[in-house]
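Quick notes on the structure that follows.
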Amino acid sequence: MPQVRAERFIRIDPDTAFALSQTTGSFRLKWDPFISSQGFLDGAQAPGKGVRTRTRSRLGLAMVSQYVSYAPPRNVGMTMVSGPWFFANFGGGWRFTADDGGTRAVWKYTFSCRPAFLRPLMERIGSRVLGYEIERRIEAFARACEDPALVAEFKALHKKPLEAQADPPGLREP
């Protein structure tokens, strides 16, 4: 199965980087160029192993994925439950490690395409498209993590109890 990978050094602590990476809802739209909407499903109010999310890309493609691992502030893994017809399977993993006073963020997508007779061509195309998108996303994430105003807003939102937030990130189903 093909895999695409992107890595950045970010000048912020791993706890904050991890937590910011797991935002959903309106706050996520402030930094993630890939999505047009994202939210928890099945009444979930926070990420965790077994939690499902629905994401719609800016290209209009939708995917339901499920957390298969959730280990703050080190890593998170998700797998596709349902999604675009051309993916036979899709999974993503994000890892955060302390590095030289900041955080090393490594994001990976692993996938396979269908139908089988087109798989070689589609996976070459998919590697290029997903490689571009993962680089774009992690670059936007790194910029967001190093934006003092955005980080301050994120920290202020997460200090309040969820009930007190006017638009709690990730609590609405798209």
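The values are calculated or read from the model by the stated rules, or taken from the named source; none is laboratory data. Predicted, not measured: the structure shown is a model, and the values here were computed from it. Every residue, glycine among them, receives a Cβ derived from its backbone with ideal geometry; neighbour counts consider all protein chains shown.
Could you please let me know if V68 is surrounded by fewer than 18 Cβ atoms within 10 Å (Cβ to Cβ) and hydrophobic (A, V, I, L, M, F, W, C)?
Details: surrounded by fewer than 18 Cβ atoms within 10 Å (Cβ to Cβ): yes; hydrophobic (A, V, I, L, M, F, W, C): yes.
Considered against the rule, which asks whether it is surrounded by fewer than 18 Cβ atoms within 10 Å (Cβ to Cβ) and hydrophobic (A, V, I, L, M, F, W, C), V68 comes out as yes.
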- [ ] Read through the list (1) at pLDDT 95 or above; (2) among the charged types (D, E, K, R); (3) surrounded by 13 or more Cβ atoms within 10 Å (Cβ to Cβ), then give the number of the only condition that R128 fails.
- [x] (3)
- [ ] May I ask you to list the residues in the stretch 82-100 that are of a type in the set (F, W, Y) and more than 17 Å from the chain's Cα centre (by Cα)?
- [x] W85, F86, F87
TODO: Please specify each residue of the stretch 20-56 satisfying the condition of being touching a helix residue (DSSP H, G or I) at 6+ places or on another chain (Cβ under 7 Å) and of a type in the set (A, V, I, L, M, F, W, C).
DONE: L20, F27, W31, F34, I35
Task: Pair list, Cβ < 6 Å and 6+ apart or interchain, from the stretch 120-140 residues that are more than 14 Å from R58 (Cβ to Cβ) to residues that are among the basic types (K, R) and surrounded by 14 or more Cβ atoms within 10 Å (Cβ to Cβ) - done: I138/R8
Open item on the list: Cβ-Cβ under 6 Å, sequence separation 6+ or interchain: first residue in the stretch 84-108 and over 17 Å from S57 (Cα atoms), partner acidic (D, E) and surrounded by fewer than 16 Cβ atoms within 10 Å (Cβ to Cβ). Which pairs?
Closed with: V106/E7
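Being at pLDDT 95 or above and either more than 30 Å from R11 (Cα to Cα) or of a type outside the set (F, W, Y) (or both) is true for just one of R58, R74. Which residue is that? Steps first, please.
Values: R58 fails: at pLDDT 95 or above.
From the options R58, R74, the qualifying one is R74.
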Open item on the list: Restricting to the stretch 48-65, and then to whatever is within 18 Å of V129 (Cβ to Cβ) and not polar (S, T, N, Q), can you tell me which residue is surrounded by the fewest Cβ atoms within 10 Å (Cβ to Cβ)?
Closed with: G60
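For the stretch 22-35: of the residues being among the polar types (S, T, N, Q) and under 13 Å from T53 (Cβ atoms), which is surrounded by the most Cβ atoms within 10 Å (Cβ to Cβ)? Spell out how you get there, then give the answer.
Of the residues in the stretch 22-35, the ones among the polar types (S, T, N, Q) are 22-24, 26.
This time we only want the ones that are under 13 Å from T53 (Cβ atoms), so: 22-24.
On the way: Q22: 20, T23: 21, T24: 25.
Once the filter is applied, the top-ranked residue is T24.
How many of the residues making up the stretch 2-42 are on the phi > 0 side of the Ramachandran plot and either among the hydrophobic types (A, V, I, L, M, F, W, C) or in a loop (DSSP other than H, G, I, E, B) (or both)?
So in the stretch 2-42, the residues on the phi > 0 side of the Ramachandran plot come out as 25, 42.
Keeping just the survivors that are either among the hydrophobic types (A, V, I, L, M, F, W, C) or in a loop (DSSP other than H, G, I, E, B) (or both) gives 42.
Matching residues across the stretch 2-42 total 1.
Which residues, counting only those in the stretch 9-50, are among the aliphatic types (A, V, I, L, M) and in contact (Cβ under 8 Å) with a residue 60 or more places away in the chain? Walk me through it before giving the result.
Going through the stretch 9-50, the residues among the aliphatic types (A, V, I, L, M) turn out to be 10, 12, 17, 19-20, 29, 35, 41, 44, 46.
Correct list: I10, I12, A17, A19, L20, L41, A46.
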- [ ] Identify the residue in the stretch 38-47 that is more than 12 Å from the chain's Cα centre (by Cα) and crowded, with 16+ Cβ neighbours inside 10 Å and, among all such residues, is farthest from E135 (Cα to Cα).
- [x] A44
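Any chance the stretch 108-125 includes a residue that's within 13 Å of the chain's Cα centre (by Cα) and surrounded by 16 or more Cβ atoms within 10 Å (Cβ to Cβ)?
So far as the stretch 108-125 goes, yes, one or more of its residues are within 13 Å of the chain's Cα centre (by Cα) and surrounded by 16 or more Cβ atoms within 10 Å (Cβ to Cβ).
Scan the stretch 48-100 for residues that are β-branched (V, I, T) and part of a loop (DSSP other than H, G, I, E, B) and jot them down. If you could, list the steps in order and put the result at the bottom.
Residues of the stretch 48-100 β-branched (V, I, T): 51, 53, 55, 64, 68, 76, 79, 81, 97.
Residue satisfying the conditions is V51 alone.
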